[in-house]
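A.B. asks: Pasting a structure below so you can have a look.
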Amino acid sequence: MRTLRRASRGRAGARDLAARALVLGLLGRVRDGAVIVREGDKRHLCGRPAPGEPVAEVVVTSPRAWRVVATEGSAGLGRAWFSGWWTCPSLDELALFLRVVIRNLDSIERASALGQRLRAPVHRVLTRSDDRPGNLEVDRRNARAHYDLGNEMFALFLDESMTYSAGIFTSPSTTLHDAQVEKLDRICRKLSLSPADHVVEIGTGWGSFAMHAARHYGCKVTTTTISESQYELATTRVKEAGLDDLVTVLRDDYRDLRGTYDHLVSIEMVEALDWHQYDRYFRTCSELLAPSGTMALQAIVIADQLYERAKHTEDFVKRYVFPGSCIPSVATIVDAVARTTDLRLVALDEIGHHYTETLHRWRDAFVAHEGEIGELGVDVTTRRLFEFYLCYCEAAFAERRIGDVQCFFAKPGWRAAGLSRPAG
């Protein structure tokens, strides 16, 4: 607290004053909804309050916040948050503030040359020799940057299945765990899994899909992850569940997988890849499947109209949460599959609205266990980073800036009787 008080008393220099004018000018482009920005005894109302919607309040505690937001966009907004340079009375207000900004983002970006400056850091990253897209060591390092923060931390805010992707809520009273089970089971039902099947999964997570498919459908599952922490816990969980005769957990990159499988499942893994890898990824998926095989892909997606700009922009998530990632669009996925494989799209379900609720549940659990997370050695900066990340993503899904899809692809030898429609 002493540090924050010193920062709030710091005098703003000329560059900070110019940055303040720029940021407040951009917030002045808000038309749908409103936010209040308070700094000391100054209070700025930006936008027009929407009927029935509360007005979120932002409190600037250090003038440094203005400059990083002005020069770094959403990455700067997140950095200023986890550095303690601005705050909100509650995380609900943070999520609402981010929703209003995202809702008006097109208007804000049109009014600013900020987007051009944001592309420069991405260009430098893409042209560094040690960060070539598709470099296996870089991919491993990027995975460790997030998933190897500690299994114990994730266990405190995920459900007991340790599933780190969107659940599917069948009613307002559905628990987070039941929503995750429904998501996993829908994939199994859609693929009509049976004890005769051998499934390969790219992106183990902590083993929830592999264990669910083996336990409830009796199929054999080979699953792989490049996260050391996830591999260790998934292996332990599989053994403790008595499923090690059906489930094999590997530490291989997807490019190193060999063999032929009846089905392939990949749940929210493709977003971790740089866009240069999409062709290689889908070609590999196709090569792993039998002539009548099917593939289930759950993916976070961005609107087709926004994809080209987004893939060259380093936002908060790319810089601080999932380095090296890129959110595809549906058109990008379908085009890459058509260009590089003989797979055909046979079904697509949009489940993005379920992610808003999933992230809200994770956020509530994270806050409820924040003291325990701190006792694990996770410092306050990292905890604030996760708070911002969860609110940022929740807001983006709520405003439909991004979505989530379950896509089902089939090889030419597949026939419709092999793919069932999920109930509900």
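The values are calculated or read from the model by the stated rules, or taken from the named source; none is laboratory data. Only a predicted model underlies this, so the values are computations on that prediction, with no experimental measurement involved. For neighbour counting, all protein chains shown are included, and Cβ atoms are generated from backbone atoms with ideal geometry for every residue, glycine included.
A.B. asks: Tell me, which strands (runs of 3 or more DSSP E) wholly within segment 188-291 include 3 or more residues that are aliphatic (A, V, I, L, M) and farther than 24 Å from residue 349 by Cβ?
C.D. replies: 247-250
A.B. asks: Mind counting the residues in segment 19-54 that are in contact (Cβ under 8 Å) with a residue 24 or more places away in the chain and not acidic (Asp, Glu)?
C.D. replies: Selection size over segment 19-54: 16.
A.B. asks: Further question: From the residues in segment 226-243 that are in contact with a helix residue (DSSP H, G or I) (Cβ under 9 Å, 6 or more places away or on another chain) and over 23 Å from residue 182 (Cα atoms), which one is surrounded by the fewest Cβ atoms within 10 Å (Cβ to Cβ)?
C.D. replies: Taking the candidates together, the pick is 228.
A.B. asks: Right, another one. If you go through segment 137-170, how many residues are among the small types (Gly, Ala, Ser) and at pLDDT 95 or above?
C.D. replies: Count: 5.
A.B. asks: Considering 210, 290, 299, which residue is without any contact (Cβ under 8 Å) to a residue 40 or more places away in the chain and assigned by TED's automatic domain parsing to the domain that holds residue 186?
C.D. replies: So the residue among 210, 290, 299 that is without any contact (Cβ under 8 Å) to a residue 40 or more places away in the chain and assigned by TED's automatic domain parsing to the domain that holds residue 186 is 210.
A.B. asks: Residue 287: closer than 24 Å to residue 393 by Cβ and either buried (at least 22 other Cβ atoms within 10 Å of the Cβ) or not aliphatic (A, V, I, L, M) (or both), yes or no?
C.D. replies: Criteria not met by residue 287.
A.B. asks: Any residue in segment 330-344 that's in contact (Cβ under 8 Å) with a residue 12 or more places away in the chain and more than 15 Å from residue 304 (Cβ to Cβ): show its pairings with residues that are among the aliphatic types (A, V, I, L, M) and assigned to a helix (DSSP H, G or I) at Cβ separation under 8 Å, as long as the two are six or more apart or on different chains.
C.D. replies: Going by the 8 Å Cβ cut-off, the qualifying pairs are 343/337.
A.B. asks: Return yes when residue 380 is in contact with a Gly (Cβ under 9 Å, 6 or more places away or on another chain), hydrophobic (A, V, I, L, M, F, W, C) and surrounded by fewer than 18 Cβ atoms within 10 Å (Cβ to Cβ) and no when it is not.
C.D. replies: Yes; evaluated as a whole, the condition is true for this residue.
A.B. asks: Continuing with this model, one more query. Residue under question is residue 78, and the condition is that it be touching a residue at least 40 places away in the same chain (Cβ under 8 Å) and not in a helix (DSSP H, G or I); does it hold?
C.D. replies: It is false that residue 78 is touching a residue at least 40 places away in the same chain (Cβ under 8 Å) and not in a helix (DSSP H, G or I).
A.B. asks: Okay, next question. Please work out if residue 53 is at pLDDT below 95, part of a helix (DSSP H, G or I) and acidic (Asp, Glu).
C.D. replies: no
Yes/no matrix, rows are residues, columns are (1) within 25 Å of residue 252 (Cβ to Cβ); (2) surrounded by fewer than 20 Cβ atoms within 10 Å (Cβ to Cβ); (3) in contact (Cβ under 8 Å) with a residue 12 or more places away in the chain:
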| residue | (1), (2), (3) |
| --- | --- |
| 155 | yes, yes, no |
| 161 | yes, no, yes |
| 168 | no, no, yes |
| 171 | no, yes, no |
| 177 | no, yes, yes |
| 202 | yes, no, yes |
